[in-house]
Amino acid sequence: MTDVKPVLRLEGIVKTFPGVRALDGLSFDVLPGEVHALMGENGAGKSTSMKVLGGIYQPDEGAIIMGDEQVVMNGPLEAKAKGIVFIHQELSLAEELSVAENIYLGELPRKSFGRVDWALLYERTDAILKKLKVGFNARTRVGDLSIANQQMVEIARALTVDAKAVIFDEPTASLTDAEKVVLFDVIADLQAEGVGIIYISHRMEEIFKITDRITVLRDGQYVGTVETKNTDEERVTQMMIGRKLDLSRNVSHHELGNVALEVRGLSCGKLYSDVSFEVRRGEVLGFYGLVGAGRTEIAETLFGLREPSAGQILLDGEEVRISSPADAIARGISLVPEDRKGQGLVLGMNCRDNMTLPQVDDLKAGPFMAEGAEVAIFDQYRDKLDIRTPGWKQRVGNLSGGNQQKIVIGKWLSMHPNVLIVDEPTRGIDVGSKSEIHKLLRGLAAQGYAVIVISSEMPEVLHVSDRIVAMYSGRVMRTFTSEEVTEDNLIQAISGLTDDRAA
Amino acid sequence: MSDVSQREGAKREGKMSSLSRQQIGTVLAKQGILIAFVIFIVAFTIANPKFLSPDNLLSVVRSSAIIGVMALGVTFVVISGNLDLSVGSMMSFSTIVVLDLHDKIGPLLAIPTMFAMTLCLGAVIGFLVGYLKLNSLIVTLGMLSAIHGLTLTYSGGKNMDIADKEGTWFGFFGQGDILGIPVPILLFIALAAGLGMTLSRTPFGRKVYAVGGNGTAATFSGIPRARTVFYCYLISAACVATAGLIQASRSLGSQNTVGQGLELEVLAAVILGGASLLGGSGTIFKTVIGVLILGFIQNGLLLMGLQFYAQFVVTWIIIILAVWLDIAAKRGKLWSSFA
């Protein structure tokens, strides 16, 4: 491999922010036709290194080398012009525009007098979409597409330029298995064309399926680069977190208390219908299904954010109507929402204020906030959840994704709920924090909480649940105990009758 | 060899300058408005030594009190992520109503009645913006006009005057003083202290920041978003009523248009103080600084002998400059790289 010249090379990159050395001497290269994984826990420096590559940050030291020459990136557009293309984890599409307009945004083909050449635009776009094998066309409005398909539009965007290196940042976070296959095909095509690919993901199985080499970062430090075929999950995990990972499944059951929450025939318009289940104290009930199966909507109904069209909700055996989140909180229901930046946190507020937000009315000393009590709560959950932040005054927006999620979880744990609902608790979170959060959820059940975990990750559901509710298209297909569940029967249950209808 | 050391040197130098630039940026972003404030004062003092005399300072604060009191309330509205453009015409309404009622039911009853009526107007806006979730720009712009019409209907278009100007204690709020300090200033200070504490230290204040910072997350935390916005408009209306009281008491007579255009000055003071129009940031202290800057600029220009009408132009140029510098400091450069 040494005789092949890398398309892109980073050499001794250092980037510091006030108080943090975010990157400390990062060096790695990407060969043409290679898929190079970049791994590390949240806050390890993956995003920062990509921002340096994209010209959003300027490195304090070190060099970016493309081909033979050192380059300086002054912004994302310049990086793109040089052939470095980013597929972002968070979508940046104009919802009101068509797929074609989004893909060629800023560089629409022109005719005379500056008029857009629509025919050519659609023709080019459809050519790219054909390559991606997607089920929509150039004229579709982006806002009408599912998240997964929007991601495909982002990828299509990357294919419009003569890319030398393409960076995928958690591209499969919201994709179904079928869509993943298409994505991997696209990556294979790029590879065949000699494009270098940097692939950032937390998902081990993907990394081992498609990458050639793996570079691991930890706390901004470069740990090492290994050939994928010469290593295994355990070693990579150890490199990432410096210790071994617990991958065992849940077999132990805690002593069950009475039924904390029971739902009978609950329906909400077309979102879901006739949903029945119960959660006992001391139990973790997993909800597994594809994106759009109606799981989040059920959680939102239980939290008073949606009005059910039929059915009953019973708390401790008593029928209740939950009319607002405040009402739900007062009845001891907590929801850790799936979108932590949009729903979970006020990014401009500090850590402490975010954590105590649901109980501001209870933390009073006279008419004022009892700030000492607030800090005490923050300190307690910072230690319990191992939240890494310089202090409670830190703005939440400055924290890494994993630490942000822990703030949200801490916020709801500090409410000591009867029923804790967590929606995608570990989305975009590194393996280390993931298993900590899993342990935490089990521990909560052991303490007598009734816990509902909604997840799209099978290992997660298997790992934490005592029972699993499998949903498909707004209906409960089957409820499994952890003894009778297998990967196969679970997948069958959540796929409904035909696989291609799901998404 | 020398080439290498030269490069090293250049690198270090580049790092030095970028570091110190970053530090300056941080300081500017945090204290930009205070620094601008000091610069204004120094510049005006050099131009006219009388500027810093106690008499002049007192008169600046006194003349800023009305704008200031209203700006305190609007700060709540802006932090909650909304706008209030109706405060000027609402103040005209308060002033006219209290002057009219003064002669009809006496000052003791006139004042609480006027407060109640003004709060009703605030409640209407709060209901429309908070509970019906209508755009605050549209609602308060509409209310600006509607309340103006209401005032003219009420007064029949005539100026309002208190009949017996000598024989009433009503002038106390605008003209009186306690221990040599004018009452409008005392009212401003008391309200600023009370509302400052409310905003920074009470659960309600925390909710205002949460609702303005991320309304969805606030809802997901059980914060009653609509009610919080509603209360912000009530606070704004209460401040407007106080401003109207000061205005009426100061002149004991008024035109229907006494508050016209003040909504923009009030908003300018709040924004000068550094509150974000997007909501979620700002403090009462900063708003007070913004109010004083605005007052000092206008007073300074007056002392420099600038023609009254030209003042509007210069004031606005300075406001735009200050906002620009503030934003530039926050993003670390004067121009945005995104066109």
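The values are calculated or read from the model by the stated rules, or taken from the named source; none is laboratory data. Everything quoted here is computed from the prediction, not taken from an experiment. Every residue, glycine as well, gets a Cβ built from its backbone with ideal geometry; the counts of neighbours run over all protein chains shown. For accessibility, only protein heavy atoms count, side chains too; no ligands or nucleic acids. Shrake-Rupley method; radii C 1.70, N 1.55, O 1.52, S 1.80 Å.
Could you count how many residues in region A:355-371 are not in a helix (DSSP H, G or I) and not charged (D, E, K, R)? Break it down stepwise before answering.
Our first condition is that a residue be not in a helix (DSSP H, G or I); within region A:355-371, this holds for A:356, A:360-370.
Going one step further and asking which of them are not charged (D, E, K, R), we end up with A:356, A:360, A:363, A:365-370.
Adding up the residues that qualify gives 9.
Each residue in region A:123-145 was checked for being in contact with a strand residue (DSSP E or B) (Cβ under 7 Å, 6 or more places away or on another chain) and part of a loop (DSSP other than H, G, I, E, B), and 3 of them qualify. Remark: pairs (first residue in region A:185-198, open to solvent by 30 Å² or more (accessible area, probe 1.4 Å); second residue of a type in the set (A, V, I, L, M, F, W, C); Cβ separation under 7 Å; 6+ apart in sequence or on different chains) = A:GLN191/A:VAL35; A:GLN191/A:ILE197.
Need the failing condition index for B:ILE46 against (1) open to solvent by less than 20 Å² (accessible area, probe 1.4 Å); (2) more than 23 Å from B:PHE285 (Cβ to Cβ), just the number. The one condition B:ILE46 does not meet is (1). Hey, any hits in region B:231-238 for a residue that's within 27 Å of B:ALA163 (Cα to Cα) and not acidic (Asp, Glu)? Within region B:231-238, one or more residues are within 27 Å of B:ALA163 (Cα to Cα) and not acidic (Asp, Glu).
To keep it simple, each residue is scored yes or no on (1) touching a Leu at 6+ places or on another chain (Cβ under 6 Å); (2) surrounded by fewer than 24 Cβ atoms within 10 Å (Cβ to Cβ); (3) at positive phi.
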residue: B:THR219; (1), (2), (3): no, yes, no
residue: B:PRO224; (1), (2), (3): no, yes, no
residue: B:TYR233; (1), (2), (3): no, no, no
residue: B:ALA237; (1), (2), (3): yes, no, no
residue: B:LEU277; (1), (2), (3): no, yes, no
residue: B:LYS286; (1), (2), (3): no, yes, no
residue: B:ILE289; (1), (2), (3): no, yes, no
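Considering every residue within region A:397-406, establish whether at least one is farther than 17 Å from A:HIS202 by Cβ and at pLDDT 90 or above. Within region A:397-406 (the criterion being farther than 17 Å from A:HIS202 by Cβ and at pLDDT 90 or above), the answer is no, since none of the residues qualifies.
Here is a yes/no grid of residues against (1) open to solvent by less than 10 Å² (accessible area, probe 1.4 Å); (2) closer than 21 Å to B:VAL270 by Cα:
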{"site": "B:PRO54", "(1), (2)": "no, no"}
{"site": "B:LEU57", "(1), (2)": "no, yes"}
{"site": "B:VAL60", "(1), (2)": "yes, yes"}
{"site": "B:SER63", "(1), (2)": "no, yes"}
{"site": "B:VAL74", "(1), (2)": "yes, yes"}
{"site": "B:VAL77", "(1), (2)": "yes, yes"}
{"site": "B:GLY81", "(1), (2)": "no, yes"}
{"site": "B:SER86", "(1), (2)": "yes, yes"}
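Would you mind finding the one in A:GLU319, A:GLU297, A:GLU374, A:GLU307 that is assigned to a loop (DSSP other than H, G, I, E, B) and either open to solvent by 50 Å² or more (accessible area, probe 1.4 Å) or more than 9 Å from chain B (Cβ to nearest Cβ) (or both)?
Working: A:GLU319 fails: assigned to a loop (DSSP other than H, G, I, E, B); A:GLU297 fails: assigned to a loop (DSSP other than H, G, I, E, B); A:GLU374 fails: assigned to a loop (DSSP other than H, G, I, E, B).
After ruling out the rest, the residue left standing is A:GLU307.
Return the residues of region A:350-371 that are at the interface with chain B (Cβ under 8 Å from one of its Cβ atoms) and of a type in the set (A, V, I, L, M); say none if nothing qualifies. If the condition is that a residue be at the interface with chain B (Cβ under 8 Å from one of its Cβ atoms) and of a type in the set (A, V, I, L, M), then A:LEU357, A:VAL360, A:LEU363, A:MET369 are the ones that fit. Restricting attention to region A:62-80 and to residues that are touching a residue at least 60 places away in the same chain (Cβ under 8 Å) and outside any loop (DSSP other than H, G, I, E, B), the residue that is nearest to the other protein chains (Cβ to nearest Cβ) turns out to be A:LYS80. Here B:ILE189 meets each of (1) open to solvent by 40 Å² or more (accessible area, probe 1.4 Å); (2) under 18 Å from B:THR283 (Cα atoms); (3) within 14 Å of chain A (Cβ to nearest Cβ) with one exception, condition (3). Applying the criterion of at least 1 residues that are farther than 20 Å from B:VAL258 by Cα to the helices (runs of 4 or more DSSP H) found wholly in region B:108-205 leaves B:136-155, B:183-201.
Flag: A:PRO59 matches the condition of being more than 19 Å from A:VAL166 (Cβ to Cβ) and either touching a residue at least 40 places away in the same chain (Cβ under 8 Å) or not assigned by TED's automatic domain parsing to the domain that holds A:ARG157 (or both).
Check whether at least one residue in region A:428-436 is under 19 Å from B:ASN214 (Cβ atoms) and outside any strand (DSSP E or B), and report yes or no. Looking for residues that are under 19 Å from B:ASN214 (Cβ atoms) and outside any strand (DSSP E or B), one finds at least one in region A:428-436, hence yes.
For region A:385-410, a residue qualifies if it is outside any loop (DSSP other than H, G, I, E, B) and either aliphatic (A, V, I, L, M) or without any contact (Cβ under 8 Å) to a residue 40 or more places away in the chain (or both), and the qualifying residues are A:LEU385, A:VAL396, A:ASN398, A:LYS406, A:ILE407, A:VAL408, A:ILE409. Restricting attention to region A:445-478, which residues are more than 26 Å from A:SER267 (Cβ to Cβ), within 23 Å of the chain's Cα centre (by Cα), among the hydrophobic types (A, V, I, L, M, F, W, C) and open to solvent by less than 10 Å² (accessible area, probe 1.4 Å)? Scanning region A:445-478 gives a single hit, A:VAL464.
Hey, can you tell me all the residues within region B:198-209 that are charged (D, E, K, R) and buried (at least 21 other Cβ atoms within 10 Å of the Cβ)? Those that are charged (D, E, K, R) and buried (at least 21 other Cβ atoms within 10 Å of the Cβ): B:ARG206, B:LYS207.
Just one of (1) surrounded by fewer than 24 Cβ atoms within 10 Å (Cβ to Cβ); (2) within 14 Å of another protein chain (Cβ to nearest Cβ) fails for B:GLY212. It is (1).
For region A:150-183, name all the residues that are part of a loop (DSSP other than H, G, I, E, B) and among the charged types (D, E, K, R).
Pass one, region A:150-183, residues part of a loop (DSSP other than H, G, I, E, B): A:159-164, A:170-176.
A:ASP162, A:LYS164, A:GLU170 - these are the residues of region A:150-183 that are part of a loop (DSSP other than H, G, I, E, B) and among the charged types (D, E, K, R).
Checked against the criterion of being within 8 Å of chain B (Cβ to nearest Cβ), open to solvent by 20 Å² or more (accessible area, probe 1.4 Å) and in contact (Cβ under 8 Å) with a residue 24 or more places away in the chain, the candidates A:LEU347, A:LEU335 yield just one match: A:LEU347.
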